Amino acid sequence: MKNKLNLVVAFLVLAFLTSCKTNKIVNSDYNKHPKIKIDCANVHWSHHKGEDGPENWKNLCKGFSDCGGKVQSPINIETKNILNENDLKAPKFSYGKSSVNIINNGHTVQFNVDGDNTVNLNGKDYKLLQFHYHAKSEHTINGNYYPIEVHFVHKHSDSDFAVLGIMFEEGKKNKLLAKYLDKFPTVKGEFKSEDIIDILSLFPKNTSYYNYKGSLTTPPCSEVVNWYVLKTPLTASKVQIEQFSKILNSNYRPIQLLNERIVKSFIE
Ligand SMILES: [Zn+2]
C-alpha cells in the first residue's frame, strides 16, 4: 500500500512539474519507480477532444485509472444543495515570500513556490508547493463558468493534499498578471527572476469557501484532494483575460459527476 502511495505521490508532483515527452526530471524520477516507467511514462495526454483527451485519460495507462473514478474533480457546485457546516473554520495562512519561477509545462502556466508557506485548514497544516492556472475555470457555480481559475496546490501527506481554487472575473487589472503575463512562456519553457512574491497578497480578503473531497484534475487524477473553492473571485482586465486564455489554450477538464459527495460551505 505504501509503495502504491509513493507512486501516486511521485506522479502528483511530476504531473504539475513536467510535460509528457522529454524531461530530465521525469526520466530520473521514473527510474526510481520502474512500474510507472513501463506504464505511464511518456504517455501523452491532452485537454482537447481526441484519443488522448479527457474522456480517454483513464484508458491511456494503468496509472491513470483513477481518472475513471467516482470522486473526481472538477465538479459543478450547485449552491442550493450545499451544506452549511458550522464545524468548518477559516483558513489560517502562514504564508511568507517566494522567489519567481514560472513554468509552462505544455498543460498549464505554473509558479513553483519556495520557502516555508503553509496554511492550516480545519486543524491540519498543508505546505504550498505551487500554483497554476486554467482557462476557462474548471469548477462551475450553478453551471456558470468563470474565465480563469487558479489552483494553489498544498500537501499535508502523501495521501492528503489541499487545493485552494480561486475564480477570476473581468474587472480591475490583476497585479501579478500585470507584472508577469508578458513574461509567461507561451510554449514549453521557464522564466525565473530575482523578484519576491508575497503569497498572501494573491488571495481575496474574504475566505468563505466551498469544500468537498475530490481529485487532481489532470492525470493521474489521484483521489487525494481536499478542495477549497473560494467564493470571492479575483479580477483581471478583459485584455489580461484574453491574453492569458490564449496561452492556456482551453486547459480545463470537463465537469465530473458529484456521485454521493456532499459539498460543504464555510461563511466567513
Ligand atoms: Zn489545476
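The values are calculated or read from the model by the stated rules, or taken from the named source; none is laboratory data. Here the structure is a predicted model, which means the values were calculated and not measured. For neighbour counting, all protein chains shown are included, and Cβ atoms are generated from backbone atoms with ideal geometry for every residue, glycine included.
Brief remarks follow.
- Note on the range 210-239: residues that are more than 15 Å from the chain's Cα centre (by Cα) and surrounded by fewer than 20 Cβ atoms within 10 Å (Cβ to Cβ) amount to 7.
- Entry remark, the range 41-57: residues being closer than 30 Å to N211 by Cβ and modelled with pLDDT under 95 number 0 in total.
- Subset of the range 79-138 that is aliphatic (A, V, I, L, M) and surrounded by fewer than 21 Cβ atoms within 10 Å (Cβ to Cβ) - its residue that is nearest to the ligand (Cβ to nearest atom): L129
- Residue ID - nearest to Q256 (Cα to Cα), chosen from residues in the range 139-160 that are more than 12 Å from the ligand (Cβ to nearest atom) and assigned to a strand (DSSP E or B): T140
- Number of positions in the range 46-103 that are in contact with a strand residue (DSSP E or B) (Cβ under 8 Å, 6 or more places away or on another chain), hydrophobic (A, V, I, L, M, F, W, C), outside any strand (DSSP E or B) and farther than 17 Å from L258 by Cβ: 2
- Residue check, F203 assigned by TED's automatic domain parsing to the domain that holds Q243, in contact with a Phe, Trp or Tyr (Cβ under 8 Å, 6 or more places away or on another chain), modelled with pLDDT of 95 or more and within 15 Å of the ligand (Cβ to nearest atom): no
- Test result for I148, buried (at least 18 other Cβ atoms within 10 Å of the Cβ) and within 16 Å of the chain's Cα centre (by Cα): yes
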